[in-house]
Structures are given as structure tokens and as C-alpha cells.
């Protein structure tokens, strides 16, 4: 790796877990101090034949964890993910020393409810929120005054990287609600007992049942761009002001994929 030491860490993969054929989780040892806020992203890179190829990835882990955790989806035509896909534990890659992003939890607007909408790897920043708040809750540094409501959708149940973690957290924390939904239940090998449909199919139902509206709730949309566009439209029609809706688009159709 040739990039200058002043901007990059030589991060090492310490663990890899394959979730599905095109989804996997890695943990990284940054090999340097990397301070971030839940919701921010790390810029990872692999040296290609002619240049360093870099992309931004939302951080799954919370700031108190020693290693960085990243949830990745393979984009076969992407520049970077096929290279990352070939890397196993022990491999090194570049990581920029400075985290980026403003997709952090809004605790200053006065809205105490937080509606978190995600598809597949878009759950990543929300895991970071929950792990950080969970630590503070156990240490009595967070009083539960902010409440989080998560809708996480995938095509199939095996594409959820963190469903069990969220279900356990929702059972432990009174300030957290979690709904998992799949859009292709007919492909399941065993009966699916949860919700079915895409995120945008469920927003109205759960916003109503949870009592969430534009006066008391901030919304966070992360993942597939079509989900984000559709859900933004629904939220706007429900009276969510523009400033109460945040988004993190993971790739742009017909342009360079976010990979």
C-alpha cells in the first residue's frame, strides 16, 4: 500500500462472517486512534491495478468498541466490493484517519422520537446508535428520554445481519421498538412469522400505531435509494417537515454504484 501515512491507517481485518452469498460482515483493527460518532462512516480502500479504490461505509460498531465493524453488500459490477469480497481475516486495507458524515442522532431539535427506516446493509448506522445508547443506558447515562423505532426490510430473512441483536435489544430496552419485514416470503425455507412488505408498505401502519408524526419525530432513512425516495414522499404527506428527515443513500441508480 502506497498512500501517505498522514491520511491513512493500514487497517487489518480481524474477523469475517458471511451472512449470505453477497453479504458479509468484517471487523477491523484500525492500527491507530479513530474517533467517530454513531452514524458516521469510514472510508476504506484497496489498491487496484492502477489506483487506490475507495468507498465510504457506515460504521456498525459503537465508539466504545475496540474494533470497527462494517456490513458490506457485494456489487458484482462495483469497483471495490469485488476486491473487498476476496479479503479474509489477516488482510490489510487502507482506512482514512478521519471519519465523515452527519447521519447522527438528532437530540437537539426537541423531537424525542426517532423513526429509523432501513434496507439490508442500511441498518449499519442504526446498530451503532443502539449499541452506544445501550451502553449508556446500562451505565445510567441515558434516561430513555429519546425513543427509537426501527423498521428493517430485506427481500429474504437470511439477509438480515442484525435481526437477533435488535430483537434482544428491544426486549431489554424500553425505549426501542424493532420490526423486521421481508418482501419475498415465498422464497423462505421455513415459515416466516414476521411482517411482509417493503419499508414503504409499513411506514403508515407503524407510524400510526406508535403515534409518530412530524411534530414529535425525526426520521432517518438509510439504504436503497428507491426506498428512501418512496418513504420521503410518504413522510412529507404525513406532515414531516424537511428538516426532520435525514437520509443516507447507499448507491445512485444509473451512476457509479455505492460499493
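Once you order the gyration tensor axes a ≥ b ≥ c over the Cα atoms, which shape class does region 113-249 get: rounded for a/c under 1.5, otherwise prolate or oblate by comparing a/b with b/c?
Oblate.
Provide the three semi-axes, in whole Å and in decreasing order, of the ellipsoid equivalent to region 58-128 as defined by the square roots of 5 times the Cα gyration tensor eigenvalues.
Largest first, region 58-128 gives 28, 16, 11 Å.
Beta carbons within 10 angstrom, averaged per residue: use that to sort the peptides 183-194, 50-61, highest first.
50-61, 183-194
Taking the Cα-to-Cβ direction at residue 187 and at residue 208 and moving 7 Å from each Cα, how far apart do the two end points lie in nm?
That separation, rounded to one decimal, is 2.9 nm.
Quick check on packing: order 141-148, 125-132, 172-179 by the mean number of other C-beta atoms within 10 Å, highest mean leading.
Output ranking for 141-148, 125-132, 172-179: 125-132, 172-179, 141-148.
If you take the Cα Rg of region 1-101 and divide it by 2.2 N^0.38 Å, with N the number of residues, what do you get?
In units of the globular-protein estimate, region 1-101 measures up at 0.99.
Considering the Cα trace of the chain, what is its radius of gyration and what is Dmax, both in angstroms?
Over the chain's Cα set, Rg and Dmax evaluate to 18.2, 54 Å.
Note the full-extension length gain between residue 67 and residue 141 as 0.36 nm times their separation in residues minus their Cα-Cα distance, in nm to one decimal.
Contour length minus the Cα-Cα distance gives 24.4 nm.
Rounded, prolate or oblate: which one fits region 1-57, using the alpha carbon gyration tensor with axes a ≥ b ≥ c (rounded when a/c is under 1.5, else prolate when a/b beats b/c, else oblate)?
It is oblate, given that a/c is not under 1.5 and a/b is not larger than b/c.
Which FRET efficiency, nearest 0.05, do residue 7 and residue 74 yield, Cβ-Cβ r, R0 22 Å?
The pair residue 7/residue 74 has a calculated efficiency of 0.25.
Would you work out the relative contact order for region 33-163, in percent, from Cα pairs under 8 angstrom that are 6 or more residues apart?
Normalised by residue count, the contact order of region 33-163 is 29 percent.
For residue 33 and residue 167, FRET efficiency with R0 = 45 Å and r from the beta-carbon atoms, rounded to 0.05?
That gives a FRET efficiency of 0.85.
Compute the length gained on full extension between residue 14 and residue 109: take 0.36 nm times their separation in residues and subtract their Cα-Cα distance, giving the result in nm to one decimal.
Contour length minus the Cα-Cα distance gives 30.3 nm.
What does DSSP give for the chain in terms of the percent of beta bridges that are antiparallel, rounded to the nearest 5?
Of the beta bridges lying entirely in the chain, close to 50 percent run antiparallel.
Rank 167, 69, 243 by mean-square fluctuation in a GNM of the chain with C-alpha springs under 10 angstrom and give only the top-ranked residue.
Highest fluctuation of the listed residues: 243.
All of the numbers you see were taken from the coordinates with simple rules; none came from a lab. Bear in mind the structure is a predicted one, so any value in this text is a computation, not a measurement. So basically every Cβ, Gly included, is an ideal-geometry build from the backbone, and we count neighbours across all protein chains shown.
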